Every structure is written in structure tokens, then in C-alpha cells.
Amino acid sequence: MSAISVRDVWMEYGDQIVIEGLNLEIPSGAFLSVVGPSGCGKSTFLRMVLGQERPTRGQILLDGEPLPGEPGPDRGVVFQRYSVFPHLTALENVLAAFEFSASPFLGKLFGARRRAALEEARGLIEEVGLGEHGGKYPSLLSGGQMQRLAIAQAIAKRPKVLLLDEPFGALDPGTRAQMHALIKPIWKDCGMTVIMVTHDLKEAFGLGTRVVAFDKPRVDPQAPGRYGAKITYDFDLDPGSAVPVLGFSKPLPPVTEAQEEARSVA
Ligand SMILES: Nc1ncnc2c1ncn2[C@@H]1O[C@H](COP(=O)(O)OP(=O)(O)OP(=O)(O)O)[C@@H](O)[C@H]1O
């Protein structure tokens, strides 16, 4: 069964169609990279899978069931910035993930449950390489450390699905490579399904087991909002083939070349 089934999903804001007729089956444990031009609806798609927004039409299923109407512990998310609470230390940020899921109203745990959560939070802080920085506030962390913390917080409840919205976009190339080396084993060990939006093709092909490109196949210059984006390419990286979903060609680099390049960088 697919972890995520996207069935004829449309998203419209007023008279602007952002996504039209999106269909996608994402198998459990896949690492799906989503690429496409700015403004074509990639983040909107992630927000719908997160449960922050509902499709105007169509349905998204998680393990065969309609998505709950709001974000939940089965879906973790990391944004490019501002994923963590600035007023909590690194350790408290991860602890908060346990506290809010166990006690949504109070946001607090006490006694033995708090001690157990604290131990798990410390383990996660170690796992993402922040062992010495647990007592620091986010403003004192570097960009890479902040994203490590955001990842620790997002995976704390061992979500089935991890959503990454340009999570490494603001990092320098060296730190970005370190983050790639961090996220791969976490994804494999946790057995999560990952959806990552990125503008970086090397990153998309280097990390993904599948890469889909969103784009608008039709554009009306008189009414830019009349048509929305669809999946125009779907690269399943196991067989290493590019499938032009809509049957028209676009000047994207050959898969093998991009894959080779990405692997040499990773
Ligand atoms: N809440 C909203 N209300 C109205 N329009 C919105 C809303 N959210 C997104 N949009 C519009 O939907 C379109 C797609 O936005 P989205 O952020 O999903 O694109 P994107 O592909 O992620 O872009 P980028 O790569 O630049 O981050 C944009 O035209 C944006 O202005």
C-alpha cells in the first residue's frame, strides 16, 4: 500500500489555480524530491500533506485513510527557517515535541514521564550531533546546528512521514553536505517516507529515490492564475529512467549525468 496517495488534488486561492489534478502514489519508505520553478505550488503541496491546508478538490490518503484535518505526530516538518522555538534551549525544544504530543493542552509532562522524555530528547540531540549544545538557545546556534535541531524535533515522535521544505537552502555547501550525510541514515533507520522540496537538482537526485518536477503545462498570459501546476516529470531513480508524464519534452539534464554528479558531491 502507498504511504501517501494523492488523488486528483486541486488547490485554488480565489480565482488563482495553483495545483490542478495532481495524482501521486508515494510508497512507504520512499524519499521523494519535489523540484520546480518558484511559485508553482511545491510548498502548497507540502502544507496539504502536513494538514495545514485542505485541497479545494480531491483527496490525500495516509496509509489508505483520509488525512486528519490538522497536523499530527504522524507527520514531522522542517522548514528552511523558523522551525524551532526561539525561547527554549535546544534540549527543551526537543523535549517540547514529546510534551505537546503527550499533553496537547498543558504542553507539560511531570515525574517519571518527564524523565523518560528528557532521556529520549538527550538521545536525539546526540544523534543529530548537538550533544554539546543542548543548553544553548537557537539564536546561539549556527544555521547548520539550527537545522540539526529542527530535524531532531521533527523526528522526535518517529513520524511516518517527514516533510522537508527547502531545509538546507540557507546553508553553505559544506554544511549542506554534512546535513545530507545526517539525513540519509536517519531516513533509513526510522523507515520514514520523506517528501523534500528543493531548488537544488543535485540534492534532489543525490538524496531522493524518486524525483518529481512540478510545472504548469499550460499558461494563459492574459490570466496567469487560470491554470495550475501538475507533475511534468517523474524520475524513478531505481530503474534510472525519466518519464515525461505529460508526453512533452523539456530541457532537463539527463538523469544519469545528474545522478553521477550528485553522488560525487554527496
Ligand atoms: N495562503 C495563500 N493565499 C493566497 N495565495 C497563496 C497562498 N499560499 C500560496 N499562495 C500562492 O500559491 C502559489 C504557489 O506558492 P508556493 O509557495 O506553494 O510555491 P513554491 O513552488 O513553493 O514557490 P517557491 O519555490 O518560490 O518557494 C504562489 O503564487 C503563491 O502566491
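Among residues of region 152-167 being in a loop (DSSP other than H, G, I, E, B) and either in contact (Cβ under 8 Å) with a residue 40 or more places away in the chain or of a type in the set (Val, Ile, Thr) (or both), the one that is nearest to the ligand (Cβ to nearest atom) is Glu166. Checking the structure you have, find out if any residue of region 139-151 is within 23 Å of Pro71 (Cβ to Cβ), assigned to a loop (DSSP other than H, G, I, E, B) and more than 15 Å from the chain's Cα centre (by Cα). The answer is no, given that none of the residues of region 139-151 is within 23 Å of Pro71 (Cβ to Cβ), assigned to a loop (DSSP other than H, G, I, E, B) and more than 15 Å from the chain's Cα centre (by Cα). Residue check: Asp74 meets all listed conditions (1) within 16 Å of the ligand (Cβ to nearest atom); (2) at pLDDT below 95 but one, namely (1).
Would you check which residues across region 8-51 are part of a loop (DSSP other than H, G, I, E, B), more than 7 Å from the ligand (Cβ to nearest atom) and either closer than 26 Å to Cys190 by Cα or among the hydroxyl-bearing types (Ser, Thr, Tyr) (or both) and list them? Within region 8-51, Ser28, Gly29, Ala30, Gly51 meet the criteria. Please tell me if Ser83 is within 21 Å of the chain's Cα centre (by Cα), among the hydroxyl-bearing types (Ser, Thr, Tyr), closer than 26 Å to Arg176 by Cβ and modelled with pLDDT under 90. Answer is yes for this residue.
Just one of the listed residues (Leu50, Leu88, Leu46, Leu95) is touching a Pro at 6+ places or on another chain (Cβ under 7 Å) and aliphatic (A, V, I, L, M), and it is Leu50.
The values are calculated or read from the model by the stated rules, or taken from the named source; none is laboratory data. This is a predicted model, so every value here is computed, not measured. So basically every Cβ, Gly included, is an ideal-geometry build from the backbone, and we count neighbours across all protein chains shown.
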